[in-house]
Amino acid sequence: MTDTSDRMAAVARMRAMNPHSLMDRMGIEIVEAAPDRLVATMPVEGNTQPYGLLHGGASVVLAETLGSMGAALHAGADRAVVGLDINATHHRAARSGMVTGTATALSLGRTLACYEVVVTDDEGRRICTSRITCLIRDAAPGA
């Protein structure tokens, strides 16, 4: 896939597979998508923990969404992608506004895809750094 409109169409098809997904509930919006780099935004509001700070798990959901979509774009429509490993380091709190996740491919292979995902606040300050590895498999027959 080389054309931006083709990649965004592929993202739309992935979203359409489950229109009530966690991605949808969290308010995640993909703004750039390519196998080697993805960018998305997510509101802080509605994704907080009891102290009113962005929930660390919300940052991880954003990171896994970006890494999994990137791996799927890399793998192609005839392959299946599942998360294999994810970790996150939380650097500072976000209380309001939007956060932006930027996933950059570290390795794109035949069976594994690995991304670093940096989550920043509205002021460009790093909120979280995550690394996700996805397993790429042949799709099950009829899937």
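The values are calculated or read from the model by the stated rules, or taken from the named source; none is laboratory data. Fair warning: this is a prediction, and the values are worked out from it, not measured in the lab. FYI the Cβ positions are ideal-geometry reconstructions off the backbone, even for glycines, and counts take in every protein chain you see. Side chains included, ligands, DNA and RNA excluded: accessible areas come from the protein's heavy atoms. Shrake-Rupley method; radii C 1.70, N 1.55, O 1.52, S 1.80 Å.
About the Cα centre of the chain, what is the dipole size in debye to 20, counting +1 per Lys and Arg Cβ and -1 per Asp and Glu Cβ, all else neutral? Please list the in-between numbers first.
Details: 13 positive and 15 negative charges, 48 e Å.
Computed about the Cα centre, the dipole is about 240 debye.
Could you give log10 I(q)/I(0) at q = 0.16, 0.22, 0.26 Å⁻¹ for segment 46-94, computed by the Debye formula over C-alpha point scatterers of equal weight, without solvent?
So the normalised log intensities are -0.55, -0.79, -0.94.
Rank Val44, Thr102, Ile136 by how far each Cα sits towards the positive end of the charge dipole of the chain (+1 on Lys, Arg Cβ; -1 on Asp, Glu Cβ) and give me just the farthest.
Among Val44, Thr102, Ile136, the one farthest towards the positive end of the dipole of the chain is Ile136.
What percent of all Cα-Cα pairs in segment 1-75 falls in each 10 Å bin, counting up from 0?
With a bin width of 10 Å, the distribution comes to 19, 51, 24, 6, 0.
Nearest 500 deg cm²/dmol is fine: what mean residue ellipticity at 222 nm does the chain get from its DSSP H runs of n ≥ 4 alone, each adding -39,500 (n - 2.57), divided by its residue count? All intermediate terms of the calculation are to be shown ahead of the outcome.
On the way: 3 runs with 39 residues, N = 143.
The per-residue figure over the chain is -8500 deg cm²/dmol.
So, in Å, what gap is there between the alpha-carbon centers of segment 1-52 and segment 53-121?
Distance between centres, Cα-based: 10 Å.
Hey, what's the chain come to in accessible area per residue, 1.4 Å probe, Å²?
On the way: 7690 Å² over 143 residues.
Result: 54 Å² of accessible area for each residue.
I need the Kirkwood Rh of the chain: take the reciprocal of the average 1/r across all distinct C-alpha pairs and report it in angstrom.
Working: mean 1/r = 0.0658 Å⁻¹.
It works out to 15.2 Å.
State the percentage of accessible surface on segment 48-123 attributable to carbon and sulfur atoms; use a 1.4 Å probe and exclude ligands, DNA and RNA. If you can, show how the numbers build up before the last one.
Working: 1930 of 3770 Å².
That share works out to 51 percent.
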